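> After the structure tokens below, expect a handful of questions from me.
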Amino acid sequence: MLGTLWSVREDVTRRLFDALYTPICVGGELDADLAPHALHAQVRQLRADHPAHPRLWAPFVHMGP
């Protein structure tokens, strides 16, 4: 499960999740095992784009297997 620890701007969330689904969709199916790695990559990109604004990239979390 992917989520946030607090409210996040809609445009930032949309950008992250749009980019997130491309690497976890394999052969037309979602591979949940890839979700934490894909989320990590997208959060790192957000952090690189906005290093002085952790409120934009820090709240995203993955919970579960």
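The values are calculated or read from the model by the stated rules, or taken from the named source; none is laboratory data. Since we're looking at a predicted model, the values are computed, not measured. All Cβ positions, even for glycine, are placed from backbone atoms using ideal geometry, and neighbour counts span all protein chains on display. Remember, those area values only see protein heavy atoms, side chains included, never the ligands or the DNA or RNA. Shrake-Rupley method; radii C 1.70, N 1.55, O 1.52, S 1.80 Å.
> Kindly list, by first and then second residue, each pair from a residue in region 1-19 that is assigned to a helix (DSSP H, G or I) to a residue that is open to solvent by less than 100 Å² (accessible area, probe 1.4 Å) and among the hydrophobic types (A, V, I, L, M, F, W, C), limited to pairs with Cβ atoms under 6 Å and residues at least 6 apart or on different chains.
Short answer, once both residue conditions are applied: Val12/Leu56.
> Shifting gears a bit: Going by the structure shown, is Val43 open to solvent by less than 50 Å² (accessible area, probe 1.4 Å), at negative phi and modelled with pLDDT of 95 or more? Write out each step before concluding.
Working: open to solvent by less than 50 Å² (accessible area, probe 1.4 Å): yes; at negative phi: yes; modelled with pLDDT of 95 or more: yes.
Answer is yes for this residue.
> Which one is modelled with the lowest pLDDT, of the residues in region 20-40 that are among the β-branched types (Val, Ile, Thr) and not in a strand (DSSP E or B)? Walk me through how you get there before you give the answer.
Step one: filter region 20-40 for residues among the β-branched types (Val, Ile, Thr), giving 22, 24, 26.
With not in a strand (DSSP E or B) added as a condition, the list becomes 22, 24.
On the way: Thr22: 89, Ile24: 92.
Within region 20-40, the match that is modelled with the lowest pLDDT is Thr22.
> Give region 46-55 a look and list any residue that's assigned to a helix (DSSP H, G or I) and either surrounded by 12 or more Cβ atoms within 10 Å (Cβ to Cβ) or in contact (Cβ under 8 Å) with a residue 24 or more places away in the chain (or both), or say none. Reasoning before the result, please.
Of all residues in region 46-55, those assigned to a helix (DSSP H, G or I) come to 46-49, 54-55.
Within region 46-55, Leu46, Arg47, Asp49, Arg55 meet the criteria.
> Give the residues of region 8-31 that are farther than 22 Å from Pro54 by Cβ and either open to solvent by less than 70 Å² (accessible area, probe 1.4 Å) or aromatic (Phe, Trp, Tyr) (or both), sorted by residue number. Give the steps one after another, and end with the answer.
So the first thing to find is which residues in region 8-31 are farther than 22 Å from Pro54 by Cβ, and the list is 21-31.
Within region 8-31, Tyr21, Pro23, Ile24, Cys25, Gly28, Asp31 meet the criteria.
> Determine which member of the set Leu30, Leu20, Leu56, Leu39 is closer than 15 Å to Met1 by Cα and over 9 Å from the mean Cα position of the chain (by Cα).
On the way: Leu20 fails: over 9 Å from the mean Cα position of the chain (by Cα); Leu56 fails: closer than 15 Å to Met1 by Cα; Leu39 fails: over 9 Å from the mean Cα position of the chain (by Cα).
Step by step, each of Leu30, Leu20, Leu56, Leu39 is checked, and only Leu30 is closer than 15 Å to Met1 by Cα and over 9 Å from the mean Cα position of the chain (by Cα).
> Moving on to the next point. Does Phe60 satisfy the criteria of being touching a Leu at 6+ places or on another chain (Cβ under 9 Å) and at pLDDT below 95?
Details: touching a Leu at 6+ places or on another chain (Cβ under 9 Å): yes; at pLDDT below 95: no.
No.
> Please count how many residues of region 56-65 are surrounded by 12 or more Cβ atoms within 10 Å (Cβ to Cβ), of a type outside the set (A, V, I, L, M, F, W, C) and out of contact with any helix residue (DSSP H, G or I) (no Cβ under 6 Å at 6 or more places or on another chain). Before you say what the answer is, go through the steps one by one.
Narrowing region 56-65 to residues surrounded by 12 or more Cβ atoms within 10 Å (Cβ to Cβ): 56-62.
Cutting the leftovers down to of a type outside the set (A, V, I, L, M, F, W, C) gives us 59, 62.
Narrowing further to those that are out of contact with any helix residue (DSSP H, G or I) (no Cβ under 6 Å at 6 or more places or on another chain): 59.
Here the count works out to 1.
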